[in-house]
Amino acid sequence: LEGGLIVVFILVLLLGNFRAGLVVASVIPLAMLFALTMMRLFGVSGNLMSLGAIDFGLIVDGAVIIVESIVHRITMSKHHHTGIKKLTKVQMDEEVYHAASKIRTSAAFGEIIIMIVYLPIFVLAGIEGKMFIPMAQTVAFAIFGAFILSLTYIPMMSALCLSKKTEYKRNISDWLMDFFQRTYAPLLNLTLRFKKIVVLFFF
């Protein structure tokens with residue numbers, strides 16, 4: 001519960017949109033419900049080892065990408081619809097469809113890679129297998145549930161819940177990103193100037 005609340009707070013803060021943050025955060029309990037249902041079906045016990053490895057950040061990863069794309073598309077839609085200030089329901093559905101379908105491949109690819117990372121754990125045998133296979137199964141169930149939700153539930157909830165106004169106002173998220181950008185850009189330029197030294201340092 002505490003972990004979920006922290007993730008909700010960070011999502012709302014960094015997305016800069018209260019509704020978008022709550023839409024993304026709603027994936028957490030639903031993905032957990034899916035995972036618990038699959039655990040019941042496959043006979044995976046719920047304990048500290050199996051449930052402790054679940055990372056809410058991984059669960060909401062695909063949803064964040066899609067919602068961010070939708071919010072961006074809505075604010076840019078004034079250019080598509082000749083300066084309109086508020087979208088109609090049909091226009092909103094159309095913008096959500098285009099935004100979600102455009103970014104869906106990238107989001108899905110990331111989630112699939114995360115699931116593939118856990119595959120080697122399934123070949124463990126003996127005590128190691130008994131300890132870690134339930135954990136890998138639980139994480140895979142949760143991510144797979146989040147994958148399905150980001151394909152269906154997230155676009156639908158975005159079309160229903162997000163604001164249809166195309167006007168964009170700067171918020172605390174923009175100030176934070178500007179700060180991080182000012183901090184990160186000089187560091188990035190420095191590392192690109194001294195590539196060999198950086199590589200040697202980390203080896």
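Its relative contact order, with pairs defined as Cα atoms under 8 Å and 6+ residues apart, puts the chain at 33 percent. Comparing L41, L124, L190 in a Gaussian network model of the chain where C-alpha atoms under 10 Å apart are linked, the largest mean-square fluctuation is found at L190. With no solvent and one point per C-alpha, what does the Debye sum give as log10 I(q)/I(0) for the stretch 152-203 at q = 0.19, 0.20 Å⁻¹? Here the Debye-derived log intensity ratios amount to -0.78, -0.81.
The distance from the alpha carbon centre of the stretch 7-29 to that of the stretch 157-198 is 17 Å, rounded to a whole number. Charge dipole (Cα centre; +1 on Lys/Arg Cβ, -1 on Asp/Glu Cβ; no other charges) of the chain amounts to roughly 660 debye.
The packing ranking, built from the mean of other Cβ atoms within 10 Å per residue, places the peptides 138-149, 170-181 in the order 138-149, 170-181, highest first. Close amide H pairs (under 5 Å, H built 1.01 Å from N) link K86 with T166, residues at least 5 positions away or on another chain. Note on the chain: with a GNM built from Cα contacts shorter than 10 Å, the maximum mean-square fluctuation among L13, L48, L188 falls on L188.
What are the semi-axes of the equivalent ellipsoid for the stretch 1-152, taken as the square roots of 5 times the Cα gyration tensor eigenvalues, largest first, in whole Å?
Values: eigenvalues 250, 47, 27 Å².
Whole-Å semi-axes of the equivalent ellipsoid: 35, 15, 12.
Cross-link partners of K85 among lysines, defined as those whose alpha carbon lies under 25 angstrom from its own and excluding same-chain residues fewer than eight positions apart: K102, K164, K165, K169. Say a paramagnetic label sat at a point 7 Å from the Cα of T105, along Cα to Cβ; which residues of the stretch 150-177 have their backbone N under 18 Å from it? Hits in the stretch 150-177 for T105 at 18 Å: 151. Sparsely packed loop sites in the stretch 1-98 (the chymotrypsin sites (Phe, Trp or Tyr not before Pro) outside DSSP H, G, I, E and B with at most 16 other Cβ atoms within 10 Å) do not occur.
Counting heavy atoms of the protein chains only and a 1.4 Å probe, report the per residue accessible area for the stretch 29-111 as a whole number of Å². Intermediate values should be presented prior to the final figure.
Numbers: 4780 Å² over 83 residues.
Counting only protein heavy atoms, the per-residue value for the stretch 29-111 is 58 Å².
Using a Gaussian network model of the chain in which every pair of alpha carbons under 10 angstrom is joined by a spring, one finds that among V117, V12, V23 the greatest mean-square fluctuation is at V117. In the context of the full set of protein chains, the stretch 141-203 has a per residue accessible area of 76 Å² (1.4 Å probe).
The fraction of Cα-Cα pairs per 10 angstrom bin, counted from 0 for the stretch 79-203, comes to 10, 20, 23, 27, 16, 4, 0 percent, rounded to whole percents.
Å³ per residue of the Cα convex hull, for the stretch 31-110?
Details: hull volume 9.6 nm³, N = 80.
Taking only Cα atoms, the stretch 31-110 has a hull volume of 120 Å³ per residue.
Using the rule -39500 (n - 2.57) for each DSSP H run of four or more residues, divided by the residues of the chain, the 222 nm mean residue ellipticity is -25500 deg cm²/dmol.
For the stretch 128-182, the fraction of 1.4 Å probe accessible surface lying on carbon and sulfur atoms is 69 percent. In this simple spin-label model, placing a label point 7 Å from the Cα along the Cα-to-Cβ direction at both I112 and F203 gives a separation of 3.2 nm. In loop segments of the stretch 1-100 as defined by DSSP, the trypsin sites (Lys or Arg not before Pro) with at most 15 further C-beta atoms inside 10 Å of their C-beta are K85. For the chain, the longest principal axis of the Cα atoms and the long axis of helix 61-80 meet at an angle of about 10 degrees.
Return the FRET efficiency for the residue pair F18, K130: r is the Cβ-Cβ distance, R0 is 30 Å, and the value is rounded to the nearest 0.05.
Details: r = 44 Å, r/R0 = 1.47.
Efficiency, rounded to the nearest 0.05: 0.10.
To put it simply, the accessible area of the stretch 1-109 at a 1.4 Å probe is 68 percent carbon and sulfur.
The values are calculated or read from the model by the stated rules, or taken from the named source; none is laboratory data. Because the structure is a prediction, the values reported are computed rather than measured. When we count neighbours, we look across all protein chains shown, and the Cβ atoms used for this are built from the backbone with ideal geometry, even at glycine. The accessibility values were calculated without ligands, DNA or RNA, using every heavy atom of the protein model including side chains. Shrake-Rupley method; radii C 1.70, N 1.55, O 1.52, S 1.80 Å.
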